[in-house]
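Only one structure is covered here, and it is reproduced in the block below.
Just so it is clear, none of the values below were taken in a lab; they were calculated from the coordinates. Keep in mind that this is a model prediction, so the values were computed, not measured.
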Amino acid sequence: MKIGGLTGGMGSGKTTVAKMFNALGVPVYIADVEAKRLMHESDEVVKSVKELFGEDAYENGKLNRTLIANAVFGNKEKLEALNTIVHPAVYSDFKKWVSQQKTPYVLKEAAIIFENGGEKQLDFTILVTAPKEVRIQRVLNRDNMDRAAVISRMNHQWSDERKKALATFCIENTDLADTEAHVKYLHNQLIKSI
């Protein structure tokens with residue numbers, strides 16, 4: 001079984017592309033969703049998060065997202081400490097998940113793959129891209145953020161050009177019909193090559 005990574009910048013539409021692969025029968029592990037689950041269900045992760053941020057990190061058994069977000073925003077050390085707790089738990093959970101799959105290939109959808117060298121643990125990577133203005137508009141329509149905040153966050157991410165240099169495949173996601181056709185084509189190519 002091959003293991004692929006699916007990534008893209010904010011507003012690129014990687015979740016949409018993940019759903020397209022999933023509709024073709026490809027299991028997709030959504031790292032962000034699983035990280036949030038582990039931050040609630042893993043006793044070890046919960047204990048470590050409380051040690052890092054205090055008992056207020058959880059309210060009524062639920063992660064206090066506002067407190068965590070405020071604590072890590074602009075504090076690189078706290079963010080790295082949180083990642084040191086969550087990333088190994090996600091990696092271990094992902095390996096267990098992969099062992100339960102029975103398909104020619106699986107995908108791990110994650111916002112950050114190249115930034116931490118994660119591509120070295122994968123057989124191939126798929127980068128989802130879209131023009132910056134399209135991405136900004138998507139995020140504005142989806143999230144409760146103002147334009148300046150969206151641009152600020154995007155400016156803290158790697159550029160598509162930097163990621164393209166490392167990606168195995170690239171899907172331009174501007175027209176949904178074209179994107180779906182590209183996903184089907186890529187899926188067939190991957191199946192043939194395995």
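Some observations on this one:
- Our estimate of slack between R142 and K36, defined as 0.36 nm per intervening residue step minus the Cα-Cα distance, is 36.2 nm.
- For the range 116-194, fraction of C-alpha pairs farther apart than 17 Å, in %: 57
- Multiplying the residue separation of T174 and N75 by 0.36 nm and subtracting their alpha-carbon distance yields 32.2 nm.
- From the largest down, the range 42-106 spans 42, 27, 17 angstrom on the principal axes of its Cα atoms.
- The range 43-115 and the range 1-34 have Cα centres spaced 18 Å apart.
- Value of Rg to Rh for the chain (Rh from inverse mean 1/r over Cα pairs, i.e. Kirkwood): 0.97
- Residue pairs, from the table K50/K95; K2/K96; K2/K95, whose Cα atoms sit over 23 Å apart: K50/K95
- Beta bridge orientation in the chain: antiparallel %, DSSP, nearest 5: 10
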